Ligand SMILES: *Cc1c(COP(=O)(O)O)cnc(C)c1O
């Protein structure tokens, strides 16, 4: 199994440098959905530590033993989270990037209070206001942030998946503006096709699947948030 981590890392560093940003300003999240545990192990051997999965169940199966052997591995949930999977998600993920609605904030707030700790959290913003896509509408972001604060949940940043048919840079600039307005330091934006652009607009985390691993199997075809398959 081969992957393109060396090239991708070089491209990230070049994009950061041309944007006059420090080389540690952004991290590579390896999106391993639809990939095997062996492919993940190969990347771990090359030093990759941050991985993104969009389904709780798939991540549980794939990472159970990898987590034991690599305690410094960091797992991010980048797909929609159902409230009945909150406990399982908290058991598994270090970062949840897809907070997007009041019922989820309520469930997470309760469970995190019970545990006395919370994972790193991002709010997903539906910057294109697409009916079929997850994410809070930009107009509803202030209320959701207020609810998070009330529930004792600290939010680190914002995440978006721009509409396929739009210029991604408009959405990246918009997300960066929203984060700035609310004093949030992190921006999860940019995927295989547009991570260079995202880094110019201030991305602190690029989520890269296909450019890293090659194409995925057909397992994601029914996913409403699946992108660029
Ligand atoms: C699948 C996925 C990615 C990775 O997309 P690629 O185009 O394969 O790099 C990034 N973010 C989210 C939310 C995804 O679901």
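The values are calculated or read from the model by the stated rules, or taken from the named source; none is laboratory data. Just so you know, these numbers come straight off a predicted model, no measurement behind them. All Cβ positions, glycine included, derive from the backbone under ideal geometry; neighbour counts span all protein chains shown.
Structure summary
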{"quantity": "Positions within segment 172-195 being over 22 Å from residue 74 (Cα atoms), assigned to a helix (DSSP H, G or I) and in contact with a strand residue (DSSP E or B) (Cβ under 9 Å, 6 or more places away or on another chain), in sequence order", "calculated": "172, 174, 175, 176, 178, 179"}
{"quantity": "Condition check for residue 33: in a helix (DSSP H, G or I) and either buried (at least 17 other Cβ atoms within 10 Å of the Cβ) or in contact with a helix residue (DSSP H, G or I) (Cβ under 7 Å, 6 or more places away or on another chain) (or both)", "calculated": "no"}
{"quantity": "Among residues of segment 146-166, those that are surrounded by fewer than 17 Cβ atoms within 10 Å (Cβ to Cβ), assigned to a loop (DSSP other than H, G, I, E, B) and more than 17 Å from the chain's Cα centre (by Cα), counted", "calculated": "4"}
{"quantity": "The one condition in (1) touching a residue at least 40 places away in the same chain (Cβ under 8 Å); (2) closer than 15 Å to residue 148 by Cβ; (3) in contact with a strand residue (DSSP E or B) (Cβ under 6 Å, 6 or more places away or on another chain) that residue 101 fails to fulfil", "calculated": "(3)"}
{"quantity": "Any hit, segment 3-25, residues being surrounded by 21 or more Cβ atoms within 10 Å (Cβ to Cβ) and not in a helix (DSSP H, G or I)", "calculated": "no"}
{"quantity": "Qualifying residue in segment 92-114 (condition: surrounded by fewer than 14 Cβ atoms within 10 Å (Cβ to Cβ), over 16 Å from the mean Cα position of the chain (by Cα) and part of a loop (DSSP other than H, G, I, E, B))", "calculated": "no"}
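Yes/no per residue for (1) more than 14 Å from the ligand (Cβ to nearest atom); (2) at pLDDT below 95:
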position	(1), (2)
130	no, no
163	no, no
168	no, no
178	yes, no
208	no, no
214	no, yes
228	no, yes
